[in-house]
Amino acid sequence: MTRKQKKSLFRIIAGLVLLAAALFAPLEGYWSLLLFVPAYLIAGGDVVWNAVRGILRGQLFDENFLMTIATTGAFFVGEYEEAVAVMLFFQVGELFQNIAVSRSRRSIADLMDIRPDSANLLRDGELVEVSPEEVETGDLILVKAGERIPLDGIVESGSSMADTSALTGESVPRSLTPGSEALSGCVNLNGVLEIRVTKPASESTVSRILDLVENASSRKAKVENFITRFARVYTPCVVIAAAVLAVLPPLILRQPFSDWIYRALSFLVISCPCALVISVPLSFFGGIGGASKKGILFKGSSALETLGNAGIVVFDKTGTLTKGVFEVQKICPQGISEPALLETCALAESYSDHPISHSLKAAYGSEPDRSRVTDYTEEAGYGISATVDGKTVCCGSRKLMAKLGLTPPEVAEPGTVIHAAADGVYLGYILIADQVKEDAAEAIAKLKALGVRKTVMLTGDTAAAGKPVAAKLGLDEAYTDLLPDGKVAKVEDLLKQKTGKERLIFVGDGINDAPVLALADAGAAMGALGSDAAIEAADVVLMDDKPGKLPTAVSIARRTMAIVRQNIVFALAVKGLILLLGAMGIANMWAAVFADVGVAVIAILNAMRTYRLK
């Protein structure tokens, strides 16, 4: 229990003891105040003080003000025990709220533990323990078995398995060998690693993730903003209504003021908007916190609300639905040998970081000699042009060949085709195939089961490479041969096809898809572990490269939104009913206590369900 929770519990117990003593003690009239007043001050002294401070700051109409006016008024009309009981139940509600918030924050606190406090810096052959902030890019750090990796870098020596569950939510460890990327926040399980730091502490993966989670509350959902605005208008209105109820009916009906003042005080207690103001943000916070433990990061409740209304889901292909690991399947030269065609393409692509370029270099078998390559240019959607051994070599799509006035052969086999030409002469093509991710088909099926109306794939690959993948995964539509601006145009067209409250979600790797991620109602970055561009561009960050995380994210969003709606309907319905009964004199202060604290506690308990994810 936190200190604040212990304090609340003490107030409740001490207030109950004094209230019981006051009820059973042989004291009557004003003498009973000797016990009721201390009980009231112990139970609600902080509420009264907060109300006074609010008045001094000009913030009149909050829950502390309503509770103070209602309970002090109850004292003046002689309802001492009810005034104390209202404050006691209010403290019970506050205790439940505090426990709920603490529980929801626990996932964030657990996440904070992934930021190491120190790093072992190798300096002049000696090991020095320093703060991660003191380590600079290019420094060499040593991470022992069992230690958490403090900074992002590349493994220079050593091999080990790394536990990435704190970042991805997945328990399967990853292998780290020389040349592997090591990410901060992961645990080195069983070996000693020397890591060359590539990013300062402020830009490390763990820092970016923590900043993202900490700032998630700043991007509020529409319903959350509505509740905030509603409370600002609603509270002054009910105070005015209570004042009218206390004064006008007794004047018109010529009845005693005491009965109507009591009704007005009950009206104030009932009207307190605690259940809405507390439970709605708590529901979103619980959903965001629970999702973060699954390796799904929502950039605020607005992203969660949007994903909950997903009706059209658009996928990039390479690196999202497929592994992005290309392998050369076939070499078809024309006028030269197979090794010569492969060497020419590998040299031309030697400066590119595209996955296709990596596959060509891997098939070539050794690092191409870049000294043989000059005048390198790369055009998105077309390919690469470079001068290789004095010849102008072009490698890329049919569109690039068409620009050269060449007509390459049609290739019916599934895969990506790289056509090559030198000095305007066609040299042949190389067929490269990508592999579909194991859980991609299951992810699409689950999205459809969740009610997603349309699933679409956009790719720059040819129809021969893209259409078979779409058919295999069961996608509704697939658009191929798209340049970056073509993807944007297609998403704009799909946005016009939305119906009702539907939202369009684009899922990509977050590196090459930033314009489309920004254009969609919500962008989800797939496989964003360590990707700066993904975390910046997306609204939802899926920390590993598994498409199966997307249906999980949609499920969490929909469950959270359902609980939010339940709390709103339940709180407004109960309060509306009791307010009516209170104004008619049927509901007394005890019913008012249930309408305020009881409803708040039930709504809080319901909101806590968002944190418990299967």
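The values are calculated or read from the model by the stated rules, or taken from the named source; none is laboratory data. Note that the structure is predicted; figures quoted are calculated from it, not measured. Reconstructed Cβ throughout: ideal geometry from the backbone, glycine too, with neighbour counts over all protein chains shown. Areas reflect the complete protein model, heavy atoms only, side chains present, ligands, DNA and RNA absent. Shrake-Rupley method; radii C 1.70, N 1.55, O 1.52, S 1.80 Å.
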**Prompt:** Per the Cauchy relation, a quarter of the hull surface: what is the mean projected area of the convex hull of the alpha carbons in segment 550-591, in nm²?
**Reply:** 3.1 nm²
**Request:** Filter the GluC sites (Glu not before Pro) in segment 364-473 down to the DSSP loop ones having no more than 16 other Cβ atoms within 10 Å, then list what survives.
**Result:** Glu410, Glu438
**Fill in**
Longest principal axis of the chain (C-alpha) makes with the long axis of helix 355-364 (C-alpha) an angle, in degrees to the nearest 10, of 40 degrees
**Prompt:** Hey, rough spin-label estimate for Asp117 and Val52, points 7 angstrom out along Cα→Cβ, what's it come to in nanometres?
**Reply:** 4.1 nm
**Item:** With 5 Å bins from 0: P(r) over segment 360-453, alpha-carbon pairs, percent
**Value:** 3, 11, 16, 18, 15, 10, 7, 7, 6, 4, 2, 0
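Gain in length, Glu442 to Thr392, computed as 0.36 nm per residue apart minus the alpha-carbon separation, to one decimal in nm?
Working: separation 50, 0.36 × 50 = 18.00 nm, distance 4.54 nm.
So the extension gain works out to 13.5 nm.
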**Prompt:** Which listed residue (Ser337, Pro355, Ser301) has the Cα farthest towards the positive end of the charge dipole for segment 283-370, taking +1 on Lys and Arg C-beta and -1 on Asp and Glu C-beta about the Cα centre?
**Reply:** Ser301
**Request:** Give me the accessible area of Asp539, 1.4 Å probe, in Å² rounded to the nearest 10.
**Result:** 30 Å²
**Asked** Quick one: helix 463-473 against the long Cα principal axis of the chain, what's the angle to the nearest 10°, folded into 0 to 90?
**Response** 40 degrees
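Could you tell me what percent of the accessible area of the chain is made up of carbon and sulfur, with a 1.4 Å probe and every protein chain present? Walk me through the intermediate numbers first.
Details: 15730 of 27330 Å².
On the chain, the fraction of accessible area on carbon and sulfur atoms equals 58 percent.
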**Prompt:** So between Leu140 and Glu126, what do we pick up on full extension, going 0.36 nm a residue minus the alpha carbon distance?
**Reply:** 3.9 nm
**Prompt:** Can you give the Rg to Rh ratio of the chain, both from alpha-carbon atoms, with Rh computed by the Kirkwood formula?
**Reply:** 1.13
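Need the full-extension length gain, Asp476 to Val425, defined as separation in residues times 0.36 nm minus the C-alpha distance. One decimal, nm. Please list the in-between numbers first.
Numbers: separation 51, 0.36 × 51 = 18.36 nm, distance 3.99 nm.
My answer for the length gained is 14.4 nm.
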**Prompt:** PRE reach from Glu338 (point 7 Å along Cα→Cβ): which of segment 421-453 fall under 20 Å by backbone N?
**Reply:** 421, 427-434
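Ordering Trp260, Trp49 by how much accessible area each has at a 1.4 Å probe, largest first, what is the list?
On the way: Trp260 20, Trp49 145 Å².
Correct descending sequence by accessible area is Trp49, Trp260.
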**Request:** Among DSSP beta bridges lying fully in the chain, give the percent that are antiparallel, nearest 5.
**Result:** 75 percent
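At a 1.4 Å probe radius, which order do Cys186, Cys332, Cys237 fall into by accessible area, largest first?
Details: Cys186 5, Cys332 30, Cys237 75 Å².
If we order Cys186, Cys332, Cys237 from most to least accessible, we get Cys237, Cys332, Cys186.
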**Request:** Would you mind checking the tilt of helix 33-56 against the longest principal axis of the Cα atoms of the chain, expressed as 0 to 90 degrees and rounded to 10?
**Result:** 50 degrees
**Prompt:** From a point 7 Å beyond the Cα of Lys399 in the direction of its Cβ, which residues of segment 300-326 have a backbone N at a distance under 17 Å?
**Reply:** 316-318
**Asked** In square angstrom, rounded to the nearest 10, how much accessible surface does Ser366 have for a 1.4 Å probe?
**Response** 60 Å²
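Give me the 1.4 Å probe accessible area per residue for the chain, excluding ligands and nucleic acids, in Å². Write down the numbers at each step before the final one.
Numbers: 27330 Å² over 614 residues.
About 45 Å² of surface per residue is accessible.
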